[in-house]
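Reviewing the structure listed below.
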Amino acid sequence: MIRAEHIFKSFEGRMILDDISSTFDTGKTNLIIGQSGSGKTVLLKSLVGLHEVDSGEVFFDDVCFNRLPFMEKKAIRQHVGMIFQGGALLDSSTVFQNVRLPLDLFTRMSKAEKNKRVAFCLDRVNIVGSNDLFPSELSGGMIKRVAIARAIVMNPEYLFCDEPNSGLDPKTSVVIDNLIREITEEYNITTVINTHDMNSVMEIGEKIVFIHQGKKWWEGTRYNVLDSNNKELNDFVFASSTAKQAKARITEQGQSLR
Amino acid sequence: MKFFEFSGNYLLLLRKVFSRPEKFRIYRKRIMAEMDHLGYTSVGIVALISIFMGAVVTLQMALNFESPFIPKYLIGYATRETVFLEFSSTVVALILAGKVGSNIASEIGTMRITDQIDALEVMGINSASYLILPKIVSSVVFFPFLAILSMFVGVLGGYAMTWLTEIFPLEDYVTGLRTELKLFNIAYALIKTSVFAFLITSIAGFYGYYAKGNSLEVGKASTNAVVASCVAILVFDLILTKLMLV
Ligand SMILES: Nc1ncnc2c1ncn2[C@@H]1O[C@H](COP(=O)(O)OP(=O)(O)O)[C@@H](O)[C@H]1O
Ligand SMILES: [Mg+2]
């Protein structure tokens, strides 16, 4: 479980996160949604400590993570996996080396054990026969998969994903979403995902936090989204006119049933 | 004011670079790779500029020592001193600042703006140390060899020039080369080169590490890195010469 308590963050006097508190449960895919530029990335980076928050606390289970000294943070970091928006694979390393890096640095595994573990993770995300390719030789979907493999290679307890399916076609997006959900359930990981993709919201939104103007504007599950009256949430989720009509119809039916 | 802020941040980064390195074994591998990447690939350019520099310096000396009162062997002697004391270290360092400095700043800067540095940090890796330390160590060790190469090739360039133009007797050139060779001067040049190597790699690493924004900014970081390390080289050339020779 990850708990954020009263997170404030500003850049050069501009308030980006304004008192955000929420809880993200273990074994579930927790989503942070919001418009582009609403501060999702800043929030995610604040949770993992890549940004220093102005005030507030981030708890990883019962440990107040953002107040820990460097070495203790480092110990916890080895249980954290993160998938960045652009993949952030090391350009100068091959697919296999990218996934193996955390094992090289932090474990005492033998070479054979490491290779076995890397092969397992790459297989898990369906990357076969691309071990020796460099990131520049991969498609967008493959980069995301390799990034997932790297994020899970250390058996993380916490997984953070920044727009894991941005820039992918709808079908690949759903595959990536489901992959993350399966992994989350399989290994009982606390997963937090940034997205502005409505398919993801409806597909894997077990818990949704809606960020608007730097504040936590709404939270609930994907089922709550359908019958919420929150204007900004509806404007965001049902942005296209067709979707607005669909939502209006659902609401009507709901009222006539009552 | 800006200078103090800059220096402060630079020293803070250096502290991060030299604190809590990761497993030594990983570093050894990276240092070897960087020696190849930063040092070995510079052999060609260093040899090329050195041979021309040696030739030009000899020519200049010969033209300016045109007096019957000055013994000709002094041309060889003056060439050797100039090449050994300044060209092999300072001029070569300025060239390497352009080649290696811009390479480091743009490589690390790109890693910064594409989140690769954040990815290392999230894993719990000291990214500054992991990325910059191997570059510093490998160049501090390797660049003196480039300086030795430059001394050798530079003097050879002068020899070739003398032989080709017959502007003064070749024997005098060789006699000059062998006149009053002080080992301390060579040590001085090599120490200077190591200091310059440290300045180039750490300053370029600094500019890359704190790059932000987009590819334009990385380009700017790379330019600034080259300018700043050239200035640093010249300032430290003066300081070290004052300390060691005067
Ligand atoms: N390092 C930074 N320095 C200054 N401003 C930043 C920085 N990172 C993000 N911002 C600002 O914070 C806001 C939120 O950005 P971000 O979290 O990336 O949005 P998104 O929800 O699209 O991920 C943007 O207005 C952006 O300009
Ligand atoms: Mg973002």
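The values are calculated or read from the model by the stated rules, or taken from the named source; none is laboratory data. Predicted, not measured: the structure shown is a model, and the values here were computed from it. No Cβ is skipped: glycine too gets one built from the backbone with ideal geometry, and neighbour counts run over all protein chains shown. For accessibility, only protein heavy atoms count, side chains too; no ligands or nucleic acids. Shrake-Rupley method; radii C 1.70, N 1.55, O 1.52, S 1.80 Å.
Descriptive notes on the structure:
- What you get for the protein assembly as shown, charging only the Cβ of Lys and Arg (+1) and of Asp and Glu (-1), is a dipole of about 620 debye around the Cα centre.
- For the stretch A:67-206, the fraction of 1.4 Å probe accessible surface lying on carbon and sulfur atoms is 50 percent.
- Taking all protein chains together and a 1.4 Å probe, the residues A:ARG249, A:ARG77, B:ARG30 rank A:ARG249, B:ARG30, A:ARG77 from largest to smallest accessible area.
- Beta bridges per DSSP with both ends in the protein assembly as shown, % antiparallel, nearest 5: 55
- B:TYR10, B:TYR209, A:TYR223, reordered so the largest accessible area comes first (probe 1.4 Å): A:TYR223, B:TYR10, B:TYR209
- Measuring between alpha carbons in the structure, the pairs from B:LYS2/B:LYS220; A:LYS207/B:LYS16; A:LYS207/A:LYS231 lying more than 27 angstrom apart are A:LYS207/B:LYS16.
- D_trans [Stokes-Einstein, Kirkwood Rh over alpha-carbon pairs] for chain A, 4 °C, 1.567 mPa s, µm² s⁻¹: 67
- B:ILE113 contributes an accessible area of around 50 Å² to the protein surface, as traced by a 1.4 Å probe with all chains present.
- The alpha-carbon of B:LYS182 sits under 20 angstrom from the alpha-carbons of these aspartates and glutamates, leaving out residues fewer than 8 places away in its chain: B:GLU81, B:GLU86, B:ASP172, B:ASP237.
- Whether the stretch B:23-244 is rounded, prolate or oblate, judged on the alpha carbon gyration tensor where a/c under 1.5 counts as rounded: prolate
- Chain B and chain A together bury an accessible surface of about 2000 square angstrom, both sides counted, with a 1.4 Å probe and no ligands or nucleic acids included.
- Legend: distances between Cα atoms for A:LYS28/A:LYS244; A:LYS28/A:LYS215; A:LYS216/A:LYS247; A:LYS116/B:LYS23; B:LYS99/B:LYS242; pairs beyond 26 Å are A:LYS28/A:LYS244; B:LYS99/B:LYS242.
- Accessible area of the stretch B:23-244 divided out per residue, in Å², using a probe of 1.4 angstrom: 44
- Under 19 Å from B:LYS135, Cα to Cα: aspartates and glutamates that are on another chain or at least 8 residues apart: A:ASP91, B:GLU22, B:GLU34, B:ASP36, B:GLU107, B:GLU121
- Förster radius 35 Å - calculated FRET efficiency between A:GLN213 and A:THR26, Cβ distance, rounded to 0.05: 0.75
- If you run the Gaussian network model on chain A, springs between alpha carbon atoms under 10 Å, then out of A:LYS28, A:LYS111, A:LYS45 the most flexible one is A:LYS111.
- Per-residue SASA remark: A:GLU252, around 120 Å² accessible (1.4 Å probe; ligands, DNA and RNA not included).
- Computed with every protein chain present, the accessible area of B:PHE3 is close to 140 Å² [probe 1.4 Å].
- Inter-centroid distance (Cα atoms) of the stretch A:166-181 relative to the stretch A:87-104, Å: 22
- Hypothetical label at B:VAL43: residues of the stretch B:114-142 whose amide nitrogen lies under 14 Å (7 Å Cα-Cβ projection): B:142
- Three-way shape call for the protein assembly as shown based on the alpha-carbon gyration tensor, with the a/c threshold at 1.5: prolate
- Taking the stretch B:154-227 and dividing mean pair separation by its residue count, relative contact order in percent (alpha carbons under 8 Å, at least six apart): 18
- Point-to-point label distance, B:ALA187-B:MET244, nm (Cα→Cβ direction, 7 Å offset): 1.0
- Neighbour cut-off at most 11 other Cβ (10 Å), DSSP loop, chymotrypsin sites (Phe, Trp or Tyr not before Pro), the stretch B:39-104: B:PHE69
- Averaging the Cα positions of each part gives two centres, and for the stretch B:97-155 and the stretch A:188-258 these lie 48 Å apart.
- Helix B:102-113 vs. chain B, principal-axis angle (Cα, 0 to 90°, nearest 10): 0
- Rel. contact order, % - alpha carbon contacts under 8 angstrom, at least six apart, chain B: 34
- Residues whose amide H falls under 5 Å from that of A:ILE32, counting only those 5 or more places apart or on a different chain, are A:ILE193, A:ASN194, A:THR195, A:VAL209, with hydrogens built in the peptide plane.
- Three semi-axes of the equivalent ellipsoid, the stretch B:1-82, Cα gyration tensor, whole Å, largest first: 45, 21, 11
- Cross-link table A:LYS111/A:LYS144; A:LYS74/A:LYS144; A:LYS45/A:LYS144, entries beyond 21 Å C-alpha to C-alpha: A:LYS111/A:LYS144; A:LYS74/A:LYS144
- Gain upon complete extension [B:GLN60, B:LYS99; 0.36 nm per residue less C-alpha separation]: 11.3 nm
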